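Input: a single structure, listed below in structure tokens.
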Amino acid sequence: MATLLARNAEVLVTMDGARRELRGAGLYAVDGLIRQVGPAAELPSTADVVLELRGQIVLPGLVNTHHHLNQTLTRAFPAAQDAGLFDWLTAQYPAWTRIDAEASRVSTLVGLAELLLSGCTTVFDHTYLYKNGNSVDVQIEAAGEIGARFHASRGAMSVGRSRGGLPPDEAVEDEESILKDSVRVIDRFHDPCPGAMTRIVLAPCAPFSVSADLLRESAALGRARGVRLHTHLAETLDEERYTLERFGVRPVEWMDRLGWVAGDVWFAHAVHVNDAEIARFAQAGCGVAHCPSSNMRLASGIAPVKKYLAAGVSVGLAVDGSASNDGSNLLLEARQAMLVARLERGLRRAAGEQRRGDWMSAREALELATIGGARVLGRDDVGSLEPGKCADFFSLDLGAIEYAGALHDPVAATVFCAPTRARLTVVHGRVVVEDGRVVTLDMGPVVERHNRLAAKIARG
Ligand SMILES: [Zn+2]
């Protein structure tokens, strides 16, 4: 039995049903699961690991609902810096097809380290290129090594340029092998139990790179095996034009016809949707991974997040792939979500649309980054600090410059004032970041190796 006691936090944000924020509080965990949350006097006085959190704010570990960790190898890629999605993808596909198992392992470690350092403890990764021995296996191994809770996708692309898709033919796989490998990784890795550190998601890439057959077959397999489904959708107007021209319908209608608008599905982006499509998402129970930085970076548009929330659609936050953000700081992403929702409000008002109650607050942004993301991933065991839930949390130092002058509301300041680095991050009761450094792995050599591999991949 491994016990952990974290105590005396200045403020502990529970994200429980009552959204309690406790002063001078902490938590006690046994074998990675929370037993008690409350003031020090009510908690046990000792444990195997004791963490003193005086002067710190504690929050539930953040949940990232969409990423492409391998893209850390092509961040700020010169040919893709000032381009919209389709040109941006086309500029990078050749480099990505050169990613091998080692490059995948190292880039997964780098991306996860960056997320853990920003307080993110649960990560969904959407990898869809498996060439040169790259596999789901190496990523899951890397996540275990560094200590992140990991939802890995068996993503895929199957429609290359010669068949009307966007990616080059050498980047795609045949559908039989994709489905065969999907079955293999579900058998080998998927853990449906509460507290799971590893889950599998089936994630054909996007309407312009996979076939109707693969989408149908993946949905059938996912449902037969209790595995969730994910894809990119309605990210850009180029994509909308593509499905209208090729399939005669808008992206959401295309997915609906294939059985993909359902409660076990969440979509990345979902920027270009109309009110009827938002209502359809709400009715079906599918979720949205909101990626504000990426949507701004690629000039894709602004997702109608306040409308989603008003309609009852589950929304989580995501940094998106490392090459379209180009950072992996989920705490900053919460701030971007708050700011871009306010920008959207301003633009609508400027266009003459009057709406009430559509400010996104700092606390609402934190909800998206925690409990909202957990819901999108289909988890009720992470995203809040309550007895029975996983001991996934992080702390920030309230003595830091970023909080100076903002201590009348440290919770709101965590979003408004842009603190960037967790002091402590704990996943399933294991300390992975301490004093603002990853402690499960020596990151220096990993970064050095990553830079060498990135140069090699870019060179070709
Ligand atoms: Zn993406």
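The values are calculated or read from the model by the stated rules, or taken from the named source; none is laboratory data. Everything numeric in this text was worked out from a predicted model, so none of it was measured. All Cβ positions, even for glycine, are placed from backbone atoms using ideal geometry, and neighbour counts span all protein chains on display. Keep in mind that these areas ignore ligands, DNA and RNA; they rest on the heavy atoms of the full protein, side chains included. Shrake-Rupley method; radii C 1.70, N 1.55, O 1.52, S 1.80 Å.
Laid out as a table, the results:
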read-out: Given charges at beta-carbon only (K, R positive; D, E negative), |dipole| of region 325-460 in Debye; value: 500
read-out: Ranked order, 135, 104 - accessible area, probe 1.4 Å, largest first; value: 135, 104
read-out: Length-normalised contact order for region 351-420 - Cα pairs under 8 Å, 6+ apart - percent; value: 26
read-out: Assigned charges on the beta-carbon of Lys, Arg, Asp, Glu; the chain dipole about Cα centre (debye); value: 560
read-out: Loop-located trypsin sites (Lys or Arg not before Pro) in region 25-125, at most 16 other Cβ atoms within 10 Å (DSSP); value: 54
read-out: Sequence-separation-based contact order of region 61-204, relative, with Cα cut under 8 Å and 6+ spacing, percent; value: 24
read-out: Distance from region 399-415 to region 425-460 (C-alpha centre basis), Å; value: 28
read-out: Antiparallel %, DSSP beta bridges [both residues in the chain], to 5; value: 45
read-out: Under 17 Å from the residue 79 label point (7 Å along Cα→beta-carbon), backbone N, region 424-454; value: 454
read-out: Solvent accessible area, Å² - residue 417, 1.4 Å probe, full protein context; value: 50
read-out: Extension gain (nm, one decimal) between residue 404 and residue 353, 0.36 nm per residue minus Cα-Cα; value: 14.6 nm
read-out: Rounded accessible area of residue 187 (nearest 10 Å², 1.4 Å probe); value: 100
read-out: Region 17-29 - phi-based ³J(HN,Hα) in whole Hz, Karplus 6.51/-1.76/1.60, Gly and Pro as x; value: x, 8, 6, 5, 10, 9, 8, x, 10, x, 8, 10, 10
read-out: Accessible-area composition of the chain, carbon plus sulfur, in percent [1.4 Å probe]; value: 51
read-out: Residues with amide H under 5 Å from that of residue 155, placed H, sequence gap 5 or more; value: 127, 203
read-out: Residue 31-residue 213 FRET efficiency (beta carbon distance; Förster radius 45 Å; 0.05 resolution); value: 0.55
read-out: Accessible area expressed per residue, the chain, with surrounding protein chains retained (probe 1.4 Å, Å²); value: 37
read-out: Solvent-accessible surface ranking, highest first, for 121, 46 at 1.4 angstrom; value: 46, 121
read-out: Listed residues 130, 91, 259: farthest to the positive end of the dipole of the chain (Cβ charges); value: 259
read-out: Contact order normalised by residue count of region 277-333, Cα under 8 Å, 6+ apart, percent; value: 40
read-out: Region 291-373 shape via C-alpha gyration tensor axes, a/c threshold 1.5; value: oblate
read-out: Full-stretch length increase - residue 435, residue 101 - with 0.36 nm per residue and alpha-carbon distance subtracted; value: 117.1 nm
read-out: Amide H within-cut-off set for residue 50, under 5 Å, with H built and near neighbours excluded; value: 5
read-out: Amide H partners (placed H, <5 Å) of residue 36, local residues excluded; value: 28
read-out: Whole-angstrom gap from region 33-65 to region 262-289, using each part's C-alpha centre; value: 35
read-out: Label-point separation in nm, residue 412 to residue 40, each point 7 Å along Cα→Cβ; value: 2.9
read-out: With all protein chains modelled, accessible area of residue 163 [1.4 Å, Å²]; value: 130
read-out: Reachable lysines, given that their alpha-carbon falls under 24 Å from the alpha-carbon of residue 131 and they are not under 8 places away in the same chain; value: 180, 456
